[in-house]
Amino acid sequence: MKNKLLLSQILTIAILATTLSDSTAQSVVNSDYWSATDALGRSTPEWLETGEPRDGKYIAIFYHTWHTDHHAEFDPVMNLTEILADSPEAIDDWNHPAWQGNNATTGGVFTWDEPLFGYYRTTDEWVLRKHAEMLADAGVDVVVFDASNGGVTWKSSYMKLLEVWNQARKDGVKAPQVAFMLTLFSPEEVSGGLVGIYELYKDLYKPGLYSDQWFIWKGKPFIMAYPEVLEDFPTEDVAGMKFTASASFTDIDVNCPSWANNIGNLTLSLYTWEGDYATSVSGDPLASQTYEDFTDNAFLNVGFPEQGPGEYVWELNEATEVVGVWKAQAEVDSVISYFNGVEVSSGDYNCRIKYLGSGYSYMAGGNPPFDPIQIHGGFDQVKIDEIKEFFTFRPGQSDYVNGPSRDDQWGWLETYPQHGYVGNETDGYEQTTVGVAQNANSVSGGHCCSFNAPDTYGRSFTMKNGWDTRENAYLWGANIEEQWERAMEIDPEVVWVTGWNEWLIARWRNWAGCSDTIQVENSFMDGFDAERSRDIEPVKSWGEYGDAYYLQLVSQVRRFKGMERQDSASQPTTIQIGSSDGWNDVKPEFRHYKGNTLERNHPGKGQSIVYTNTTGRNDIVLAKVARDNDFVYFYVETDGALSPVTDYGWMRLFIDIDRDKQSGWEGYDFMINRVTPGAKALLEKNVGDDWVWTKADSVEYAITDTVLELKIPRSSLGLAPEEEVVFEFKWSDNMLEEGNIMDFYVNGDVAPGGRFNFVYNTESTTGTKPATPVMEASLNIRNYPNPFSDETTFEFTLIGGGDASIAIYSSTGQQLRVLTPGNMSPGNNRITWDGCDERGNPLNQGIYLCRLMVENGSGTVCTVLKIR
């Protein structure tokens, strides 16, 4: 079925069903006006399907700033997908050489696969700018940074991101606002939650840095944390370890991070053990040494005169800035580790002892995996009191099944069917979650477990249908689609999506997660492979399918939030190209971001990777299209003078004339400037589906400083003289990998970004406005689930009461069914359709047009996809 034909049918009926607003100038970048079709053939919805924007609806996405500091410092980068492709037997052998003895924080970095932009650090300005645009284009309103691990806030990353996104906003990008998720497992985790909140308030919120980018919720900056951590806190953090010296010794070393900036102080002291921890450290130390601004991950040393065999305790305290101690996940029977005077429940600090005449030996730690534990130097009560009143607190529910255990909780990831969190004044909910996949299975009861445990709820799993067994079924995103269906039913104020760019994974030995019945030799908690992972950010190894989840996100966000309607196309006009006039009144304006041609030169993860990209050149900011009976005219403008036409890949125009993904290269039927233009520009037509082009015509063009204009005969594009047109197009400058659609995300400048296209549509300018209806329906009619198999529910709002019905049409306009529930009440209403025609026969798989009709007037139109 041709997409162009379908849209034409929809538009014809929509003109009868709704009133067109007067054309207004739209001078800002708005991705609602763009269209995209992924490699699976799924097209993003347009305004006719979603209806008008819905006020008070927001999208939050889980974002990870931890690709920095010690998580990025170690070689090599270990791609789990590649490791297991080469050595599949390694998954059952903890000591297999493929693992190189490494975990996610020491001696190397594990990722489940490679992002499209490489193994980047979240201090890479080039990547951060890409993220700002992609998330803005997807309609994401807020990113929530993961600071749930020991209170580490990853300051180097979030400050750089805010700097880059602040500039992006000045360049016209509606970059998401930001918030933080602190330690979420319980209010008793004071050491992480309190440290994180205190540091964020002191470093970001109290100084008022980038305040326009803070996510404000219920009148205050939002933070996902337990307010209880601000009560009964210790005056300062201390870490200590009791040990037994088997012989005389002269030195103690303790492994301490300073989070990559080499800033912060710690004091290391040695005491004799006096029966209990508090008594032992209450007296004078045998020796003490203070380290100022010590090197990250240094072994801090305290030396002393020879001490004999016996029981001792060392202690770290008097911290400043963000410092800490490395804790191994393994335990040693002969030592006891303490934090703030309380015995640590699992794992021991990484430290060593120097015996007289025999050198150093590890008392604990020594072998990864390790976790960083923050040691804070005390808290200002005035600041604590300020913090209590400063934020809107929403404690996190860590569990995937149980739902809220208190009235103020928000979730971050759940199995289907998800819960609503925090009831609001309209009997709805503030928030619900939508996840790509869940590291849980039926054996764990839906609670967290290793992602590589048997039958975990991966990308292709649904609670309703189990696992999709098709080859590469993970690409279709059945799991998150089912979760979106549930989110649409709950219809909260905020949908929280997990997640964007997690990537990093830790290797654990026999980690049981939340279920002691599931243990795996090599346990990977939050990611494992293409099926069992949660990242929406495009994946490099997936090739043309790499952005499938990104575009799926775009589609569902549009259905949830609604869309703005693009200006109608201007009436036909003849343009004299090269005269620098005639374009002022041409609508719509297809705008794109300026400032996104910056160069990349930044280290990636590890010590050996450096990423460079210098392809940014002509910064495309505005495009227009006009037509008359003989020609179609194109206008494109750059921020700064155009580079010479002889430059490689210079200012190419791609046209999808029939809006059919199945024809042309990636749907593009025509292309201009694949070959350097001479006296005229070469218009080429695609031959087949690959990157093969043949001459269609030579066309006129004109360049005036920052502007390029083209004049293309209608006949060369296969358009009749007076035919209304609906086509998609995009501009590209400096494409490097010809024939690779994913290059549009990476190299040069494209408008619009990635796989998106501008849509030029003259059909919506035809027809006349219907009379003002006596009874009105809002333009936010929607249906869920969409796509559906068994039944779907239409939801709409009536301003006045009366009769309403839903008419179902085929793609050719044939009426198949009218749903007539009778008199409807003012406000929100629902009508359910079982997917059958008037005779009760199930309709075949396909796209159907659904029109809301109301008494003495008309409502609006949406489309629905029946998948079986």
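A few remarks follow.
- Spin-label model, Q662/Q100: points 7 Å from Cα along the beta carbon direction are separated by 4.7 nm.
- Rolling a 1.4 angstrom probe over the protein heavy atoms with all chains in place gives the chain an accessible area of 37 Å² per residue.
- For region 444-503, diffusion coefficient by Stokes-Einstein and Kirkwood Rh (Cα), 20 °C, 1.002 mPa s, µm²/s: 164
- Here the accessible area of region 469-559 is 45 percent carbon and sulfur, with a 1.4 angstrom probe and all protein chains present.
- Stretch gain in nm, segment D834-W467, where the contour uses 0.36 nm per residue and the Cα spacing is subtracted: 129.7 nm
- Plainly put, the chain has a radius of gyration that is 1.02 times its Kirkwood radius, both from alpha-carbon atoms, as the Rg/Rh ratio.
- Residues S334, S663 ordered from highest to lowest accessible area at a 1.4 Å probe: S334, S663.
- Relative contact order for the chain: 14 percent, from Cα pairs under 8 Å spaced at least 6 residues apart, divided by residue count.
- Cα-based equivalent ellipsoid, region 39-155: semi-axes from gyration tensor eigenvalues, Å: 35, 20, 13
- Where labels lie 7 Å past Cα in the beta-carbon direction, separation of V443 and N584 in nm: 7.3
- The Rg/Rh ratio of region 202-242, with Rg taken over Cα atoms and Rh as the Kirkwood radius over Cα pairs, comes to 1.14.
- Calculated over region 519-580: convex hull of Cα atoms, volume per residue (Å³): 197
- Eigenvalues of the alpha-carbon gyration tensor of region 494-639, scaled by 5 and square-rooted, set the equivalent ellipsoid semi-axes at 48, 22, 12 angstrom, largest first.
- Rounded FRET efficiency, nearest 0.05, which uses the C-beta distance separating D75 from S345 and R0 of 45 Å: 0.90
- Sulfur and carbon atoms: percent of accessible area, region 32-187 [1.4 Å]: 48
- Accessible-area composition of region 190-237, carbon plus sulfur, in percent [1.4 Å probe]: 51
- Inter-label distance, nm, simple model (7 Å from Cα along the C-beta direction), S361/T279: 2.9
- The mean sequence distance of close C-alpha pairs (under 8 Å, at least 6 residues apart), as a share of the length of region 497-652, puts its relative contact order at 14 percent.
- Dimensionless Rg over Rh [region 671-725; C-alpha; Kirkwood]: 1.01
- Structure note, pairs K218/K464; K170/K730; K57/K206; K155/K354: Cα-Cα distances above 30 angstrom occur for K218/K464; K155/K354.
- Using a cutoff of 8 angstrom between alpha carbon atoms and counting only pairs six or more residues apart, the relative contact order for region 203-307 works out to 29 percent.
- Lysine pair count for region 561-717 (Cα-Cα distance under 13 Å; residues 8 or more apart in sequence or on different chains): 5.
The values are calculated or read from the model by the stated rules, or taken from the named source; none is laboratory data. Computed from a predicted model, the values in this text were never measured in an experiment. Every residue, glycine among them, receives a Cβ derived from its backbone with ideal geometry; neighbour counts consider all protein chains shown. Please note that ligands, DNA and RNA were not included when accessible areas were found on the heavy atoms of the full protein model with its side chains. Shrake-Rupley method; radii C 1.70, N 1.55, O 1.52, S 1.80 Å.
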